[in-house]
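The values are calculated or read from the model by the stated rules, or taken from the named source; none is laboratory data. These numbers come from a predicted model, not from an experiment. Every residue, glycine as well, gets a Cβ built from its backbone with ideal geometry; the counts of neighbours run over all protein chains shown. These accessible areas exclude ligands, DNA and RNA; they are computed on the full protein's heavy atoms, side chains included. Shrake-Rupley method; radii C 1.70, N 1.55, O 1.52, S 1.80 Å.
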Amino acid sequence: MKQPLLGFIGAGNMAGSLISGLVADGYPADRIWVSDINQDALEHLAAQCGVHATPRNAIVAEHAQVLILAVKPQILGGVVRELADIIQARQPLVVSIAAGITAGSIDAWAGGQVAIVRCMPNTPAMVKTGATGLYANARVGEEQRSQAEAILRAVGLTVWVHGEQQLDAVTALSGSGPAYFFLLMEAMEAAGVALGLDPDTARLLSQQTALGAGRIAIESTEAPAELRHRVTSPGGTTEQAIAVFESGGFRELVSQAMQAAARRAAELSEQLGH
Ligand SMILES: NC(=O)c1ccc[n+]([C@@H]2O[C@H](COP(=O)([O-])OP(=O)(O)OC[C@H]3O[C@@H](n4cnc5c(N)ncnc54)[C@H](OP(=O)(O)O)[C@@H]3O)[C@@H](O)[C@H]2O)c1
């Protein structure tokens, strides 16, 4: 069976990563359409990936069996309302990657009764190591779920959530999560300099340590707690450091930070959905 015709509205960073990932994985470029008001972004993507490109969103919507909404959340309502007649006539699967916009808002803008998968990707998608949470509304069939999943898998790992609210938790964990690791790296780098390392050396060591720890965590079947115990010898240096983290309330701080992120995600959904 032929792969579905994909239509991307928006040719920015995220759409570019998805399209280049799909084409690199063998998705036929002539089955991908993309539109953008930014002529440079459009031409760049068309030249790089060989996909069909047009400045008119309606042309993309008229071709798409799966319509991927990849514009900024603030302008999504206007874009979807303009395409509502075409969406109603063609009934594509609509896949939205816009942060914070609910499936209900998109459905209302598109005229109702639309099959929608809402996704929350993260920035490592740019280097094909993204983590994306997906939620499907009740109109999405099994085959459409597979289609949406295959698109997001082109840039990394995918997980389905069981209720749309869980996407706020996904936002707090993997959506905002890269910045938490950057903060830790930043702090480790500064502390390394304070201990006498030169800044370049401290940065290199912190980067490589983050990469190494991430790879061990992914490649091992053990939980992070067990991996940590294994590198924490009784009476050793790591034990001293972990004791300081624990007594300073590190876990509680992470929990509070993620609750704040999830609350903000819910507030933004509320504000943007009108
Ligand atoms: N980047 C991430 O890591 C990330 C993570 C999670 C979710 N997302 C979501 O992904 C979506 C896209 O993000 P992005 O980072 O790829 O944004 P981006 O790079 O700004 O891409 C959006 C593109 O849409 C174009 N555009 C603006 N108005 C348009 C219209 N009316 N019709 C067609 N195209 C239009 C923009 O052109 P101009 O530049 O001329 O405005 C831009 O080229 C957002 O909704 C964001 O919430 C992104």
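Would you kindly derive the ³J(HN,Hα) couplings of the range 11-23 from the backbone phi angles with the Karplus curve 6.51 cos²θ - 1.76 cosθ + 1.60 (θ = phi - 60°), listing them in order in whole Hz, with x for Gly and Pro?
These are the phi-based 3J(HN,Hα) values: 10, x, 4, 5, 4, x, 5, 5, 5, 5, x, 5, 5 Hz.
So, for the range 37-79, what is the accessible surface per residue at a probe of 1.4 Å, expressed in square angstrom? The partial results should precede the final answer.
Working: 2230 Å² over 43 residues.
Dividing the accessible area of the range 37-79 by its residue count gives 52 Å².
Label-point separation (nm) for GLU246 and ALA150, each offset 7 Å from Cα along Cα-to-Cβ?
4.9
Going by amide H atoms built from the backbone, whose H comes under 5 Å of the H on ALA53, apart from near neighbours?
Here the answer is VAL34, since their amide H atoms fall under 5 Å of that of ALA53.
With a 1.4 Å probe and all protein chains left in place, how much accessible area per residue does the range 83-142 have, in Å²?
On the way: 2160 Å² over 60 residues.
It amounts to 36 Å² per residue over the range 83-142.
Can you give the extra length, in nm with one decimal, that the chain gains between LEU197 and THR232 once fully stretched, where that is 0.36 nm per residue apart less the Cα-Cα distance? Spell out each step's value before the answer.
Numbers: separation 35, 0.36 × 35 = 12.60 nm, distance 2.32 nm.
Using 0.36 nm per residue and subtracting the Cα-Cα distance, I get 10.3 nm.
Show me the trypsin sites (Lys or Arg not before Pro) within the range 1-80 that DSSP assigns to loop and that have at most 14 other Cβ atoms within 10 Å of their Cβ.
Details: sites: LYS2, ARG31, ARG56; in loops: LYS2, ARG56.
Filter output for the range 1-80: LYS2, ARG56.
When the Karplus curve 6.51 cos²θ - 1.76 cosθ + 1.60 is applied with θ = phi - 60°, which whole-Hz ³J(HN,Hα) does each residue of the range 87-104 get, with x for Gly and Pro?
Karplus-based 3J(HN,Hα) across the range 87-104 equals 4, 5, 6, 9, 6, x, 6, 9, 10, 10, 10, 5, 4, x, 9, 6, 4, x Hz.
Over 21 Å, how big is the tail of the calculated P(r) for the range 72-210, in percent of all Cα pairs?
Working: 4988 of 9591 pairs.
Above the 21 Å cut-off, the range 72-210 has 52 percent of its Cα pairs.
Near ILE97, within a Cβ-to-Cβ distance under 12 Å, what is the net charge of the other residues, with Lys and Arg +1 and Asp and Glu -1? Display every interim value, and only then the final one.
Numbers: positive: LYS72, ARG118; negative: none.
For residues surrounding ILE97, the net value is +2.
Treating only the Cβ atoms of Lys and Arg (+1) and Asp and Glu (-1) as charged, compute the dipole magnitude of the chain about its Cα centre; round to the nearest 20 debye.
Values: 18 positive and 26 negative charges, 81 e Å.
Charge dipole of the chain: 380 debye, to the nearest 20.
Using a 1.4 Å probe on the protein heavy atoms, what percent of the accessible area of the chain belongs to carbon and sulfur? Don't skip to the answer; put the middle values down first.
On the way: 8840 of 15140 Å².
So the carbon and sulfur contribution to the accessible surface is 58 percent.
For the range 77-136, what number results from the quotient of the Cα radius of gyration and 2.2 N^0.38 Å?
Numbers: Rg = 12.6 Å, N = 60, 2.2 N^0.38 = 10.4 Å.
It is 1.21.
For ALA11, list long-range residues whose amide hydrogen, built 1.01 Å from N in the peptide plane, is under 5 Å from its own amide hydrogen.
Here the answer is none, since no amide H 5 or more places off falls under 5 Å of that of ALA11.
Show TYR27, TYR180 ordered by accessible area, largest first, where the area counts protein heavy atoms only and the probe is 1.4 Å.
Numbers: TYR27 30, TYR180 75 Å².
Per-residue accessible area, sorted high to low, gives TYR180, TYR27.
Can you check what the net charge comes to around ILE9, using other residues whose Cβ is under 13 Å from the Cβ of ILE9 (Lys, Arg +1; Asp, Glu -1)?
Surrounding charge for ILE9 is 0.
Using the Karplus curve 6.51 cos²θ - 1.76 cosθ + 1.60 with θ = phi - 60°, what ³J(HN,Hα) values do you get for each residue of the range 225-230, in whole Hz, with x for Gly and Pro?
4, 5, 4, 5, 4, 5
With N denoting the number of residues in the range 148-274, provide Rg(C-alpha) divided by 2.2 N^0.38 Å, to two decimal places. Don't skip to the end; give the middle numbers.
Working: Rg = 17.9 Å, N = 127, 2.2 N^0.38 = 13.9 Å.
Taking the Cα Rg and dividing by 2.2 N^0.38 Å, one obtains 1.29.
Only Cα pairs within less than 10 Å get springs; with that Gaussian network setup on the chain, which residue of VAL127, VAL66, VAL95 has the largest fluctuation?
Most flexible of the set in this elastic network: VAL127.
Between THR158 and residues 5 or more places away or on another chain, which pairs have amide H atoms under 5 Å apart, with H built 1.01 Å from N, and which residues are they?
Excluding prolines and chain starts, which carry no amide H, the hits are THR132.
Counting just the Cα atoms, what span does the chain cover along each of its three principal axes? Round to the nearest Å and put the largest first.
Taking the Cα atoms of the chain, the three principal extents are 69, 37, 33 Å.
I'd like the orientation of helix 250-272 relative to the chain: the angle between its Cα long axis and the longest Cα principal axis, in ° from 0 to 90, rounded to 10.
20
Among VAL117, VAL254, GLN207, whose Cα projects farthest towards the positive end of the dipole of the chain, with charges put on the beta-carbon of Lys, Arg (+1) and Asp, Glu (-1)?
Towards the positive end, the residue furthest out is VAL117.
Of the candidates ILE19, ILE75, ILE116, which one comes out as most mobile in a Gaussian network treatment of the chain with C-alpha springs shorter than 10 Å?
So, out of ILE19, ILE75, ILE116, the one fluctuating most is ILE75.
What accessible area per residue, rounded to a whole number of Å², is obtained for the range 212-274 using a probe radius of 1.4 Å?
Details: 4850 Å² over 63 residues.
Ligands and nucleic acids excluded, the figure is 77 Å² per residue.
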